[in-house]
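Novice: Structure in structure tokens, see below.
Laboratory data are not the source of any read-out in this text; all were calculated from the coordinates shown. Source: prediction; values computed, not measured. For neighbour counting, all protein chains shown are included, and Cβ atoms are generated from backbone atoms with ideal geometry for every residue, glycine included.
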Amino acid sequence: MALSTLRIVWLYPDLLSTYGDRGNLLVLAHRARARGIDVEPMQVRSDQRVPTTADIYLIGGGEDGPQAVAADRLLQDGALNRAAEAGKPILAICAGYQLLGSSFYANGRAYEGLNILDLRSDRGPSRAVGEVAGETAPQLGIGPITGFENHGGRTHLGEAVQPLARVTAGVGNDGATEGAWAGHVIGTYMHGPGLARNPKLADLLLGWAMGVDPSQLRPLDDTWPEKLRQERFGALSGAQ
Amino acid sequence: MSANLTPRAKFATALLRTAAALSRATGRGDGSVIGGRVGLIVEPRLLELLADGRHVVLISGTNGKTTTTRFTTAALEAIGKVATNSFGANMPTGHTTALAKAPKAEYAALECDEHYLGQLLDAASPKVVALLNLSRDQLDRAMEVTALAAKWRQTLQSSAGQTTIVANADDPLIVWAASVCQRVVWVAAGQSWTADSAICPNCGSHLDRFGEFWRCTNCGLNRPSPQWSVAQAGSAVVGPDGRRYDLNLQLPGRVNRANAATALAIASLFGVDPAQAAPRLSEVASVAGRYAKVERDGRHLRLLLAKNPAGWLESFDMIEQGPPVVLSLNAREVDGFDTSWIYDVDFTSLSGRKVVVTGDRRTDLAVRLEVDGVDFLVVDDVRAAIAAVPPGPVEVVANYTAFQDIRAEFNRVN
């Protein structure tokens, strides 16, 4: 753990912060500080340069117009692509997830994405709104995931990414898979916020940022997050 | 007024009243919605016919609609009878019932759901429309907020010809929507939640803010000079001619002083002298249970309704320093199923006081408070919450159905 201070960048809260996205920043900072790690949260507006030296990058959800503007500015800025190439952890939610792909659909047309993840998004037949849950790949070591989704797009994964989860409730990418990951980059439709409901996903990002296996991080008392997870999974099994 | 109603409309009105009365008698609610539904089936133009010949004000926005409508009603009652949907039934069925129940009222103050503003503009031909604020609310089912502002702008452009708009100069989304109108009276009503308007709704560039002023760095959209404002010091509203109207409100908080300023601006457009209207606002002690004070076992609870991030932040601004705080959160259909917005609320101001959480989604609140480093106690319901705090004052903040559950515990206090 060579880091003295963990620098967490929250990208473009002025454009992409619709569904409690601040929560992911708060949860990461809380879980790091609880382990004695200093945290420097950095909110970067869309008229500012994206720092190249941060340890974790977060990008949230938003409406069509701001999504298109955010993609354009990130393409011009270039720093998020360089961060991805350097293996920095990136967590992208909803609109932020879509714009990491090769193309996404907004304002009635296709836009070029950042090409960080091998996927593309288009419009679905209906809006996906509600609880979403899924089983993640065992090698991620994070167990089942739970969140809330609210999006009109559908996402099609290419060969260079893995689905984050196989959908057990809700829609996610296309009703079969939810989210995507490659290297240290994770994209997902889960807000809720996702890291509040999935603390192991938060620890996975912290582990990647610090270059340690998440199992080596000091365990925290997760009584309340665990109870929340059980309630949310329970609500789904009760509804089916 | 209803003197000119067609036989069909009279029949529809009679059926509406019967249906509403039956609904009340069977304990199914106040009957506003079912009554209006029955009346509109019999005569689809009933709302329009009932509104005809009256002086109508519509009041809409994300937060403060019910309270501002109540203040406006109190102010207009200085000059005549006022029909109003005081039960918060703020869709066309509720408006129809409110008008049907007050056939002799020359004035109507109608709270209007944000999504029905266009329909009401066409049906009720209002003299005045008041637009309070727009911020995120029930995101899983409502339109996202900029899209709603765009819809308002379009609606006002096509339907607000003879109407005067009373609009909040401090909310960029409201200013953008209202600025298409010929006649606008601007009120400095404040904005407690700025995150939905960091970006210019007109062109997408950044808004610069200097204190209360804001302007777009690109297209020039900016804060209009307000004619009405809340005095910086003391509790007063300042009118267009610089005159101060002292407020002695029972309702707490800066946001209610702003609601009072909006109500005085509306009333003055109807010819009510603000000096005559202002004292009437201080008679309002609670609004459908909001701000009501109830007592049990020596605990003196004040009930605050807060439905969205802006509302919760406003509540935290209202509560007294010191007393324990009970927070209750539900996520039933009318609340919105999505609770993620609680992460848009900063709870750190509650740190160091006793905080008790309850409601269907109390576990969500527990996780949220833990992340903010606020100590809390989780209990099953409001009775347990009362038992968990010492005798004395208690502040209760709850979202919509959680609030109704607590009201039910206190005999539906008004």
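Novice: Based on DSSP H assignment, which helices of chain B show an axial Cα extent of at least 15 Å together with a mean Kyte-Doolittle hydropathy greater than or equal to -1.0? Don't skip to the end; give the middle numbers.
Specialist: On the way: long enough: B:7-25 (27 Å, 0.29); B:32-42 (16 Å, 1.72); B:65-76 (16 Å, -0.20); B:145-159 (21 Å, -0.14); B:254-269 (23 Å, 0.60).
TM-like helix candidates: B:7-25, B:32-42, B:65-76, B:145-159, B:254-269.
Novice: Counting each DSSP H run of 4 or more residues in chain B as -39500 (n - 2.57), what helix-only mean residue ellipticity at 222 nm follows after dividing by all residues, to the nearest 500 deg cm²/dmol? Walk me through the numbers on the way to the answer.
Specialist: On the way: 14 runs with 148 residues, N = 414.
Value at 222 nm, helices only: -10500 deg cm²/dmol.
Novice: Something else now. For the stretch B:149-275, state what percent of all Cα-Cα pairs lands in each successive 10 Å bin, counting from 0 Å until the bin that includes the largest distance.
Specialist: Values per bin, smallest distances first: 13, 41, 34, 12, 0.
Novice: Right, next: Convert each backbone phi in the stretch A:119-135 into a coupling constant with the Karplus relation 6.51 cos²θ - 1.76 cosθ + 1.60 (shift: θ = phi - 60°), then list the ³J(HN,Hα) values in order as whole Hz, x for Gly and Pro.
Specialist: So the J values, rounded to whole Hz, are 7, 9, 10, 9, 7, x, x, 7, 6, 8, 10, x, 5, 10, 8, x, 9.
Novice: So which of B:K104/B:K307; B:K10/B:K104; A:K200/A:K227; B:K104/B:K127 end up more than 23 Å apart by C-alpha?
Specialist: From the list (B:K104/B:K307; B:K10/B:K104; A:K200/A:K227; B:K104/B:K127), the Cα-Cα distance tops 23 Å for B:K104/B:K307.
Novice: Here's something else I'd like to know. Would you mind ranking A:R82, B:R24 by Cβ crowding within 10 Å, fewest neighbours first?
Specialist: Details: A:R82 12, B:R24 15.
Least crowded to most crowded, the residues run A:R82, B:R24.
Novice: Let me ask you something else. Please report the relative contact order for chain B, taking Cα pairs under 8 Å with a sequence separation of at least 6, and give it as a percent rounded to a whole number. All intermediate terms of the calculation are to be shown ahead of the outcome.
Specialist: Numbers: 862 pairs, mean separation 52.6, N = 414.
The normalised contact order for chain B reaches 13 percent.
Novice: Quote the charge dipole size of the stretch B:293-409 about the Cα centre in Debye, to the nearest 20; the model charges only the Cβ of Lys and Arg (+1) and of Asp and Glu (-1).
Specialist: That gives the stretch B:293-409 a dipole magnitude of about 360 debye.
Novice: Mind sorting A:E178, B:E409, A:E40, A:E131 by how few other Cβ atoms lie within 10 Å of their own Cβ, fewest first? It would help to have the intermediate numbers written out before the result.
Specialist: Values: A:E178 30, B:E409 16, A:E40 12, A:E131 19.
Lowest count first: A:E40, B:E409, A:E131, A:E178.
Novice: If packing is taken as the mean number of other Cβ atoms within 10 Å per residue, what is the order of B:379-386, B:340-347, highest first? Intermediate values should be presented prior to the final figure.
Specialist: Details: B:379-386: 18.2, B:340-347: 23.1.
Ranking the peptides B:379-386, B:340-347 by packing returns B:340-347, B:379-386.
Novice: Let me ask something additional. Enter the Cα centre distance for the pair the stretch A:132-188 and the stretch A:100-114, rounded to the nearest angstrom.
Specialist: The stretch A:132-188 and the stretch A:100-114 have Cα centres separated by 19 Å.
Novice: So, by mean Cβ neighbours within 10 angstrom, what's the order for B:259-266, B:30-37 with the highest one leading? It would help to have the intermediate numbers written out before the result.
Specialist: Numbers: B:259-266: 30.0, B:30-37: 22.9.
The peptides rank, most packed first, as B:259-266, B:30-37.
Novice: Roughly how crowded by other chains is peptide A:190-196, in terms of the mean Cβ count from those chains within 10 Å of each of its Cβ atoms? Let's see the in-between values first.
Specialist: On the way: counts 1, 5, 5, 6, 1, 2, 9.
Mean shielding by partner chains, rounded to a whole number: 4.
Novice: Oh, and also: Can you compute the helix-only [θ] at 222 nm over chain A? Use -39500 (n - 2.57) per DSSP H run of at least 4 residues, normalise by all residues, nearest 500 deg cm²/dmol. Let's see the in-between values first.
Specialist: On the way: 7 runs with 70 residues, N = 240.
Taking each H run of at least 4 residues, the total per residue is -8500 deg cm²/dmol.
Novice: Would you mind ranking B:R280, A:R35, A:R197 by Cβ crowding within 10 Å, fewest neighbours first? Please report the intermediate quantities before stating the final value.
Specialist: Numbers: B:R280 18, A:R35 15, A:R197 26.
The fewest-first ordering by Cβ neighbours comes to A:R35, B:R280, A:R197.
Novice: Between B:K81 and B:T194, take the C-beta separation as r, use R0 = 56 Å, and let me know the FRET efficiency to the nearest 0.05. Mind dumping the intermediate values first?
Specialist: Working: r = 40 Å, r/R0 = 0.71.
It comes to 0.90.
Novice: Averaged over its residues, how many other protein chain Cβ atoms are within 10 Å of peptide B:342-349's Cβ atoms? Working shown, then result.
Specialist: Values: counts 4, 15, 7, 2, 2, 0, 0, 0.
For peptide B:342-349, the averaged partner shielding equals 4.
Novice: Within a Cβ distance under 13 Å of B:S60, other residues only, what is the Lys/Arg minus Asp/Glu net charge? Let's see the in-between values first.
Specialist: Working: positive: B:K65, B:K151; negative: B:E111, B:D113, B:E114, B:D137, B:D171.
Neighbourhood net charge equals -3.
Novice: Quick one: what does P(r) look like for chain B with 20 Å bins over all Cα pairs, in whole %?
Specialist: Cα pair-distance distribution for chain B, in percent: 26, 58, 15, 0.
Novice: Another question, if that's okay. Using alpha-carbon pairs under 8 Å, 6+ residues apart, how would you state the relative contact order of the stretch B:293-409 in percent?
Specialist: Working: 209 pairs, mean separation 48.4, N = 117.
RCO, the stretch B:293-409: 41 percent.
Novice: So what does the Cα-only Debye profile of the stretch A:5-239 read at q = 0.10, 0.12, 0.16 Å⁻¹, as log10 I(q)/I(0), no solvent term?
Specialist: -0.40, -0.59, -1.10
Novice: Which one of A:A71, A:P89, A:L99 is farthest out on the positive end of the charge dipole of the stretch A:45-112, using unit charges on Cβ (Lys, Arg +1; Asp, Glu -1) and the Cα centre as origin?
Specialist: Value: A:P89.
Novice: Using modelled amide H (1.01 Å from N, peptide plane; none on Pro or chain starts), what sits under 5 Å from the amide H of A:F148, excluding residues fewer than 5 places away?
Specialist: A:V132, A:H191, A:G192
Novice: Do you know the relative contact order of the stretch B:47-176, to the nearest whole percent, from alpha carbon pairs under 8 angstrom that are 6+ apart?
Specialist: Relative contact order here is 31 percent.
Novice: Using amide H atoms built 1.01 Å from N in the peptide plane, name the residues 5+ places from A:G124, or on other chains, whose amide H lies under 5 Å from its own.
Specialist: Answer set, sorted by chain and number: A:G153, A:R154.
Novice: Let me confirm one metric for peptide A:129-142, namely the mean number of other chain beta-carbon atoms within 10 Å of its residues' beta-carbons.
Specialist: For peptide A:129-142, the averaged partner shielding equals 1.
Novice: Put +1 on the Cβ of each Lys and Arg and -1 on the Cβ of each Asp and Glu in the stretch B:100-199; which of B:V175, B:Q157, B:N133 then has its Cα farthest toward the positive end of the dipole?
Specialist: Going by the Cα projections, it comes out as B:Q157.
Novice: Separate question: Have a look at B:A258, B:T363, B:C200 and report the one farthest towards the positive end of the charge dipole of the protein assembly as shown, computed about the Cα centre with Cβ charges (Lys/Arg +1, Asp/Glu -1).
Specialist: Going by the Cα projections, it comes out as B:A258.
Novice: Please report, in Å, the Rg and the Dmax of the stretch B:293-409, where both are computed over Cα atoms only.
Specialist: 12.7, 36
Novice: With +1 on the Cβ of every Lys and Arg and -1 on the Cβ of every Asp and Glu, and nothing else charged, how large is the dipole of the stretch B:277-323 about its Cα centre, in debye rounded to the nearest 20? Display every interim value, and only then the final one.
Specialist: Working: 7 positive and 6 negative charges, 32 e Å.
Around 160 debye, computed over the stretch B:277-323.
Novice: In debye to the nearest 20, how big a dipole does the stretch B:164-299 give about its Cα centre with +1 on each Lys and Arg Cβ and -1 on each Asp and Glu Cβ? Spell out each step's value before the answer.
Specialist: Values: 13 positive and 11 negative charges, 26 e Å.
Dipole magnitude for the stretch B:164-299 comes out near 120 debye.
Novice: Rounded if a/c is under 1.5, else prolate if a/b is larger than b/c, else oblate: which is the protein assembly as shown, with a ≥ b ≥ c the root eigenvalues of its Cα gyration tensor? Walk me through the numbers on the way to the answer.
Specialist: Details: a/c = 1.78, a/b = 1.60, b/c = 1.11.
Here the protein assembly as shown falls in the prolate category.
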